[in-house]
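*Asks:* I'd like to ask some things about the structure below.
The values are calculated or read from the model by the stated rules, or taken from the named source; none is laboratory data. On a predicted model such as this, the values are computed, not experimentally measured, just so you know. Because the Cβ atoms are built from the backbone with ideal geometry, glycine has one as well, and the counts that use them run over all protein chains shown.
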Amino acid sequence: MTPTLQELVAWLGRWSAGRGPLYLLLAARIRQLVDEGLLPPGAPLPPDRRLATALSVGRTTVVAAYETLRQEGRLVRRQGSGTRVAPAALAPPPPGQRVTETSNPMFLHLLEPSDDVLLLSCAAPPAPPPALAEAYARLELPAHDLGYHPAGLPALRSAIARRYGRRGVPTDPAQVLVTTGAQQAIGLLTRLLVAPGDGVLVEAPSYPGALDLFREAAAVPHPVPVGPDGLDVAEAVRVMARHRPALAYVIPRFHNPTGTVLPPLLGRRLVAAAEEHGVPLIDDEVLAELDFGADPGSGDGGPPLSSYGTEVIGVGSLSKAVWGGLRVGWVRGPAPLIARLARLKALHDLGSDVPSQLVATRLLDGFAPVLRSRVAELRAGHDHLRAELARRLPDWHCPPAAGGQTLWVRLPYGDGVSFAQIALRHGVAVLPGSTMDALGGSTRRLRLHFLLPPATLTEAVDRLASAWAEYAPGAAGRAEGRPAALNAITV
């Protein structure tokens, strides 16, 4: 498969973060893609100028990189037919054995770590809380237990069910499946409910990890825009009536990446339409309890969509409230669906890690202090990052968030993908909005998280300001003296 220009830029990832001339760094990364078979023999590469523009480098950098690879025999360059991977390059796997590999920059930044780059691209707590270490220190493994629990430890399933009950959604433990994080939860639901060619209703923009899973399943996306009040429910209802998608995936509270919250009345309408048209509806609740305006100790998290209908499928996780390294997530839904998911999960891993589930059970028994501490850190990080952006980059549109972990920033002009390339060369990784938008929009957007320590966030903004000065010469001078209140405009 020949990648699009945007896909190729994503595959190139952090190509410019190393040491040495840019053309050699670019050549090295393209060489790797060719040798791994991601760029198959005969695949065309973008023209010099187009790739240079997308990567925010001079045309001579791309020309020199292509020429280096031509001399190695990996590329063929002919006037009139452009640049292609040489026929003698490593052949791709035979048909039927090729697998989908992520080109998501959020994941590539994790796969290709660098001590010199500040990651504002992957929103996850930078360190585990003390409560997690204490829970592990008090861990007692069962004396008699095989250790295989495909549906999850009974004690943890009960603890999760009780939390739903406190949020006004009576839940039996049989309605809960424990997973290895929310990513596996969405993946299992996709494998169970979506066949190649099926439609999936998604928000635009949306969580890129879910979009990757739908692409892997060869699903056809039906994107619906997200506005100031969250998902355009009227359009979502039309899509469900017209296409009857195999699945609908939404993030109603503290939407990733926009931070919007879907009003309860619209949530009710969405659930009613999904049930009327027989569309399984996934409510991604991973961020739902990270509410800056409520008492985190209450564990309320606002009303989940499950409170509006019996067929809603809730997906949750402890990765954002506790730590990404605690790979404990869950699915809450109708008991027959959970039973089918448990059989599918048994096929893949026989059940999630038991010590982690025991620790998660202990944490949930006294979760209020853990959640209160996390939300306080997030609120402080949110305020600090917005203040630094207002000070150094006042032309950037940066409305406040009511919860969650990220800001949805709009550049005054330009393109998020090309700016991200320059930002990377200044030592900070950001997530361009277009990588999260199945409609092809959000091109001037960036998603920035605020989970790093204040001093690190300040350093990250300083690097972004330097990158912006290179990307948009004179912008800093024009913005000097601009009142910071401009950044307070809401979406």
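*Asks:* For segment 365-409, what are the residues that are among the hydrophobic types (A, V, I, L, M, F, W, C), closer than 16 Å to Val430 by Cα and within 20 Å of the chain's Cα centre (by Cα)?
*Replies:* Taking segment 365-409 first, the residues among the hydrophobic types (A, V, I, L, M, F, W, C) are 367-368, 370-371, 375-376, 378, 380, 385, 387, 389-390, 393, 396, 398, 401-402, 407-409.
In the following step, the residues that additionally are closer than 16 Å to Val430 by Cα were identified as 385, 389, 393, 396, 398, 407-409.
Those that are among the hydrophobic types (A, V, I, L, M, F, W, C), closer than 16 Å to Val430 by Cα and within 20 Å of the chain's Cα centre (by Cα): Leu385, Cys398, Leu407, Trp408, Val409.
*Asks:* Still on this structure, I have one more. Identify the single condition in (1) in a loop (DSSP other than H, G, I, E, B); (2) in contact (Cβ under 8 Å) with a residue 60 or more places away in the chain; (3) in contact with a Phe, Trp or Tyr (Cβ under 9 Å, 6 or more places away or on another chain); (4) closer than 22 Å to Leu188 by Cβ that Ile282 does not satisfy, given that it satisfies every other one.
*Replies:* Evaluating Ile282 over (1) in a loop (DSSP other than H, G, I, E, B); (2) in contact (Cβ under 8 Å) with a residue 60 or more places away in the chain; (3) in contact with a Phe, Trp or Tyr (Cβ under 9 Å, 6 or more places away or on another chain); (4) closer than 22 Å to Leu188 by Cβ leaves (1) as the failure.
*Asks:* Right, here's the next one. Can you give me the number of residues within segment 126-160 that are of a type in the set (A, V, I, L, M), free of Cβ contacts under 8 Å to residues at least 60 places away in the same chain and more than 21 Å from His348 (Cβ to Cβ)?
*Replies:* Taking segment 126-160 first, the residues of a type in the set (A, V, I, L, M) are 127, 131-133, 135, 137, 139, 141, 143, 146, 151, 153, 155-156, 159-160.
Next, only the ones that are free of Cβ contacts under 8 Å to residues at least 60 places away in the same chain stay: 133, 137, 143, 146.
Subset that is more than 21 Å from His348 (Cβ to Cβ): 133, 137, 143.
Of the residues in segment 126-160, 3 are of a type in the set (A, V, I, L, M), free of Cβ contacts under 8 Å to residues at least 60 places away in the same chain and more than 21 Å from His348 (Cβ to Cβ).
*Asks:* A follow-up question, please. Sort through Leu177, Leu146 and tell me the only one that's assigned by TED's automatic domain parsing to the domain that holds Val200, farther than 19 Å from Trp330 by Cβ and either at pLDDT 90 or above or of a type outside the set (D, E, K, R) (or both). Spell out the reasoning first.
*Replies:* Details: Leu177 fails: farther than 19 Å from Trp330 by Cβ.
Every option except Leu146 fails the conditions.
*Asks:* Could you please find all residues in segment 1-30 being part of a loop (DSSP other than H, G, I, E, B) and within 18 Å of Gln71 (Cβ to Cβ)? Can you show your working first?
*Replies:* Step one: list which residues in segment 1-30 are part of a loop (DSSP other than H, G, I, E, B), which gives 1-4, 13-14, 18-21.
Selection gives Gly20, Pro21.
*Asks:* If you scan segment 416-437, which residues turn out to be touching a helix residue (DSSP H, G or I) at 6+ places or on another chain (Cβ under 8 Å) and under 19 Å from Gly259 (Cβ atoms)?
*Replies:* If we filter segment 416-437 for residues that are touching a helix residue (DSSP H, G or I) at 6+ places or on another chain (Cβ under 8 Å), which is where we start, we get 416-436.
Across segment 416-437, the qualifying residues are Gly416, Val430, Leu431, Pro432, Gly433, Ser434, Thr435, Met436.
*Asks:* Something else: So if I check each of Val331, Val359, Val315, which one is buried (at least 24 other Cβ atoms within 10 Å of the Cβ) and part of a helix (DSSP H, G or I)? Outline the logic, then answer.
*Replies:* Numbers: Val331 fails: part of a helix (DSSP H, G or I); Val315 fails: part of a helix (DSSP H, G or I).
Answer to the selection: Val359.
*Asks:* Which residue out of Ala174, Ala236, Ala219, Ala210 is closer than 30 Å to Pro154 by Cα, in contact (Cβ under 8 Å) with a residue 24 or more places away in the chain and surrounded by 21 or more Cβ atoms within 10 Å (Cβ to Cβ)?
*Replies:* Exactly one residue qualifies, and that residue is Ala210.
*Asks:* If you don't mind, another one. So Gly42 clears everything in (1) at positive phi; (2) surrounded by 20 or more Cβ atoms within 10 Å (Cβ to Cβ) except one condition, right? Which one?
*Replies:* Among (1) at positive phi; (2) surrounded by 20 or more Cβ atoms within 10 Å (Cβ to Cβ), Gly42 violates only (2).
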